1. Under 6 Å between Cβ atoms, which residue pairs at least 6 apart in sequence (or on different chains) link something in region 72-100 that is of a type in the set (S, T, N, Q) and modelled with pLDDT of 95 or more with a partner that is assigned to a strand (DSSP E or B) and open to solvent by less than 60 Å² (accessible area, probe 1.4 Å)?
2. How about region 81-100: which of its residues are closer than 14 Å to ALA22 by Cα and not in a strand (DSSP E or B)?
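The values are calculated or read from the model by the stated rules, or taken from the named source; none is laboratory data. On a predicted model such as this, the values are computed, not experimentally measured, just so you know. FYI the Cβ positions are ideal-geometry reconstructions off the backbone, even for glycines, and counts take in every protein chain you see. The accessibility values were calculated without ligands, DNA or RNA, using every heavy atom of the protein model including side chains. Shrake-Rupley method; radii C 1.70, N 1.55, O 1.52, S 1.80 Å.
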Amino acid sequence: MQLEAVHITRATELARLAAEVASERKAEDVIVLDISKLTFLADVFVICTAPTERQLRAISQVITESLEKDGGRLRRSEGKPASGWVLLDFGDVIVHLFSPAQREYYRLERFWSAATTVVRFQ
C-alpha cells in the first residue's frame with residue numbers, strides 16, 4: 001500500500017511540474033486532476049488551454065523536455081497543434097493541451113467531475 005502512495009506522489013509531482021511549466025508559458029486555465037480512484041488509465045490529468053497553434057506547439061515541447069529532464073518518459077503523443085488538441089502520455093500523467101474551442105468541445109473537467117483538483121492556475 002505504501003508503494004502505491006509513493007507512486008501517486010511521483011505522478012502528482014510530475015503533473016505539478018507540467019502545470020507550472022504550462023502556466024509559465026502562458027497557458028490558460030491550467031488544472032491538475034487526480035483521477036487515480038476513478039480509472040486505471042492514469043493517476044493524474046493535466047488540462048490546459050493555449051490560445052494559438054504556436055503556443056500549443058511551444059508548450060507541448062517545453063512540457064516534454066521538462067518532464068523528461070525530471071525522469072518522466074513520454075510514451076506517446078497524439079494530436080497536432082494545428083488540430084487544436086495535443087495529448088502527451090507520460091504513463092501515470094496525461095497532459096491535455098487544447099485550443100479554447102476544443103477545450104469547450106471536449107469539456108474534460110465535466111466528464112471527470114468526480115476527480116479531485118490538485119492545483120489550478122487561472
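1. SER77/LEU88
2. SER99
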